[in-house]
Amino acid sequence: MTTTGKDVEELWAGGHPVYLGAHVLPMLARWMEFEAPPEQCYVLGDSTTLRQCLPELLTYVPHLQHAEPIEVAPGEPSKSIEVCTAIWGHLSDREAERGALVVNLGGGVVSDLGGFIAGTYKRGIRHVNVPTSLMGMVDASIGGKTGIDAAGIKNLVGLFRDPLGVYVHVPFLRTLGKRELLNGVAEMIKHGLVRSADHYHAVREAPLHDIGVLAPLIHDSVAIKCAVVNDDPHEQSARKLLNFGHTIGHAMEAHSWEGQQRGLLHGEAVAIGMICEAWLSWRQGLLDRGSFGQIEAHLIGLFKGYAFNNDDHHRMLELMRNDKKNAEGGFRFTLLRGIGDAVVNVPLNAAQVGEALDHYRLLVRHHAAHHDPEA
């Protein structure tokens, strides 16, 4: 960690810096004046971030006034090969060179998509991430993972591609509603559960609507993510800690987009995954009953339940079988030994995972009956 001055702190996540503080956008502006010709700059965002956040970015980074915006639709469906093909073609039509720069202005979808496009166009052009969502600030934009969805499987195709930098401008959070804020809080909770009990309890007790209170917690989450990535940039060992909640969570997320219900946001799906995987941690004798109960009560109280039927188990297990963390034909999970202490590569079978899905399904039904007057 280093401090760059003028209220900007620099952390490192493997091969790239992450900047936090009041003057991160002026710092980006100074760098761009010398390193990024305006005619070779592109700002990738969705329709919401280009409308709500681009004007503020241009105020701080006037160099981008002449950059061309590239707009995608909000949400997970934009992480597709069809969208990539359209943007690759657009960059080619504009004669974008190897020295071009893509500024990814948005949340996790934009950083996943933009990093993948930058990493593959002409075998790689430059990109920086300017996250506008809490999910992007604390997790998705950091660490060099990029990817798109294919064959109904989340992040099936992707690569590790470091941005030149990640610039965390907390005031962008003013554009978010409660659901979008909670989406990022899920990853902050995960950071605490796998690495820091103090951070978990601080997030659990914080008034999450207060951006001033969130700001130091964002810093702590970013520091945890950076430390884990530094230990294992390409997810061979320690970085798998960050997969807690994601094996079941990714399957839940993909399943939710297939049906008639609302599609789950990534953090909402991870919250479900954390309940299920905390339950599995207890059932495996790793996590004590009291800690599991505290985690479960916190998450089911914070996130709306996702209802599904026993008949859905087969499809969810099918989606999990394509998870990148599996090995030797079996499931590999990150589980908890305590709050702030996780273990990776725990082998589990389909029957055990099915029991965890059953537990969550009945938990949602019970919680609705006791908290929804119309249930």
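Below are the figures for this structure:
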{"item": "The stretch 312-319 - phi-based ³J(HN,Hα) in whole Hz, Karplus 6.51/-1.76/1.60, Gly and Pro as x", "result": "7, 4, 4, 5, 5, 5, 4, 5"}
{"item": "Alpha-carbon centroids, the stretch 254-310 and the stretch 1-71: separation in whole Å", "result": "35"}
{"item": "Residue 224 accessible area, 1.4 Å probe, all protein chains in place, Å² to nearest 10", "result": "20"}
{"item": "CD proxy at 222 nm, helix term only [per DSSP H run n ≥ 4: -39500 (n - 2.57); per residue of the chain; nearest 500]", "result": "-15000 deg cm²/dmol"}
{"item": "Residues with amide H under 5 Å from that of residue 287, placed H, sequence gap 5 or more", "result": "282"}
{"item": "Charge dipole of the chain about the Cα centre (unit charges at C-beta), most positive-ward option of 20, 266, 63", "result": "266"}
{"item": "Dipole magnitude of the chain about its Cα centre (Cβ charges: Lys, Arg +1; Asp, Glu -1), debye to nearest 20", "result": "380"}
{"item": "Max mean-square fluctuation residue, GNM over the chain, Cα-Cα springs under 10 Å, options 245, 75, 107", "result": "75"}
{"item": "Rounded Å value of the spacing that divides the Cα centres of the stretch 111-149 and the stretch 158-188", "result": "11"}
{"item": "For the chain, share of DSSP beta bridges that run antiparallel, in % to the nearest 5", "result": "50"}
{"item": "Net charge, residue 43 excluded, C-beta distance under 12 Å - Lys, Arg +1, Asp, Glu -1", "result": "-3"}
{"item": "Amide H within-cut-off set for residue 72, under 5 Å, with H built and near neighbours excluded", "result": "45, 46, 47"}
{"item": "Whether the stretch 126-261 is rounded, prolate or oblate, judged on the alpha carbon gyration tensor where a/c under 1.5 counts as rounded", "result": "rounded"}
{"item": "The stretch 158-198 - charge dipole about Cα centre, Lys and Arg +1 at Cβ, Asp and Glu -1, debye rounded to 20", "result": "140"}
{"item": "Globularity index of the chain, i.e. its alpha-carbon radius of gyration over 2.2 N^0.38 Å", "result": "0.97"}
{"item": "3J(HN,Hα) from dihedral phi, the stretch 149-164, Karplus parametrisation 6.51/-1.76/1.60, rounded to Hz, x for glycine, proline", "result": "8, 7, 6, x, 10, 5, 6, 5, 10, x, 7, 7, 8, 6, x, 5"}
{"item": "Highest-MSF residue in the chain out of 275, 153, 117 [GNM, Cα springs under 10 Å]", "result": "153"}
{"item": "Leading residue at positive end of dipole, the chain (Cβ point charges), from 293, 47, 103", "result": "293"}
{"item": "Where Rh is the Kirkwood radius over Cα pairs, Rg/Rh for the stretch 14-86", "result": "1.00"}
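The values are calculated or read from the model by the stated rules, or taken from the named source; none is laboratory data. As the structure is a prediction and not an experimental result, all values here were calculated from the model. Please note: Cβ atoms are built from the backbone with ideal geometry, for glycine as well, and neighbour counts cover all protein chains shown. In case anyone asks, the SASA skips ligands and DNA or RNA and just uses the protein heavy atoms, side chains included. Shrake-Rupley method; radii C 1.70, N 1.55, O 1.52, S 1.80 Å.
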